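Read through the structure below, which is laid out as structure tokens, and then see the notes.
Each reported figure results from applying straightforward, stated rules to the coordinates on display, with no laboratory input. Please read all numbers here as calculations on a predicted model, not as lab measurements. Please note: Cβ atoms are built from the backbone with ideal geometry, for glycine as well, and neighbour counts cover all protein chains shown.
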Amino acid sequence: MLQTRLEKNQTYIIAEIGINHCGSIDVALELIKAAHEAGADAVKFQKRVPRIAVPRDEWDRPKETPWGIMPYIEYKERIELGQGAYNVVSLTCKALGMDWSASVWDRPSAEFMVQYKPPWIKIPSAKLTDRDLARAVADLYPCVPIIISTGMSTEKEVEEAIDFYLSMIDPERLVVMHCTSTYPCPLKELNLYAIRDFYKRNYPDLVIGYSGHETGLVTTVCAVALGAQVVERHITLDRAMWGTDQAASVEPHGFRRLVKYIRDFEEARGDGRKRLYPSEEAVRKKLRGG
């Protein structure tokens, strides 16, 4: 579906479920249904092996959770979906005709996702500079697009990451997402012009996207207007739910509006040429005569 959208000059819209399911397959399925009903093209999860992905000095930090205070590493393990849950996710998305994939945080997670033959795979912003993971993903996924997010990174780090991926895969397989990794992100730090002035200008042959963590919808539509061809926003059942990403997420009714606004823009943007439309002819004749 990604390639089809791009060929039609349409935006590919990803509803990021991430960890907003809080380890519940029932909540995950509700979010998949909500994303599908909103018109999203895909849903995305986050897959990690906590004892690999989480820095060791974070393991024992006390974490307040709905299940009580526990070590941070136990919390991260508790909210991970397992094999059985992902089997259900895969079957559900297939039945709905919806794409799904995950951000992979470590090699075992990248290996785990291979069995589902995802239409693309994603590297999260936190792992943009992880060359070992980049090599593993390029090796494990020789034929599908690799999406990389660029939050919490300097311009130099982004350039070096793009160069590294392009040393392993063809340009048509790389999707680069502009991103600011603050949850939620204040408007003044979205830096949307970077889509046009940094990414599109320096990498005209790459697919450029936008991964947003702001509140509100209009800025994401603006990102599309500035050239983002892939858009990712977190989806939640309720922004008041417990969880680190909920406040930066979009509720189902909001996601429906976001998809509509993007599709409305696509219909309205035109081809950049000034033209006289047949619908104007009668008014033209009345007001100008002749």
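Just report the Cα centroid separation between region 238-270 and region 273-290, whole Å. So the separation of the two Cα centres works out to 37 Å.
Bridging of residue 188 to aspartates and glutamates at a Cα separation below 16 Å is possible for 214, once same-chain residues fewer than 8 apart are set aside. The lysines within cross-link reach of residue 47, meaning a Cα-to-Cα straight distance under 28 Å and a gap of 8 or more places when in the same chain, are 33, 63, 76, 94, 117, 122, 127, 156.
Each peptide in 58-70, 229-241, 85-97 was scored by the mean count of other Cβ atoms within 10 Å over its residues; highest first, the order is 229-241, 85-97, 58-70.
Judged by the ratio a/c of the largest to the smallest principal axis of the C-alpha gyration tensor, region 2-270 counts as rounded, that ratio being less than 1.5. How big is the antiparallel share of DSSP beta bridges in the chain, given as a percent to the nearest 5? Of the beta bridges lying entirely in the chain, close to 10 percent run antiparallel. A straight line joining the Cα centroids of region 112-151 and region 48-89 runs 21 Å. Using 0.36 nm per residue and subtracting the Cα-Cα separation, the extra length available between residue 156 and residue 70 on full extension is 27.2 nm. Ordering 125-132, 40-47, 142-149 by mean Cβ neighbour count within 10 Å, with the highest value first, yields 40-47, 142-149, 125-132.
Residue-wise HN-Hα couplings along region 138-151, as the Karplus relation 6.51 cos²θ - 1.76 cosθ + 1.60 with θ = phi - 60° gives them from phi, are 4, 6, 6, 10, x, 10, 10, x, 10, 9, 10, 9, 10, x Hz; Gly and Pro carry x.
Residue by residue, region 10-26 carries 3J(HN,Hα) couplings of 10, 7, 8, 10, 10, 8, 7, 7, x, 10, 5, 7, 6, x, 9, 5, 5 Hz when phi is fed to the Karplus relation 6.51 cos²θ - 1.76 cosθ + 1.60 (θ = phi - 60°); x denotes Gly or Pro.
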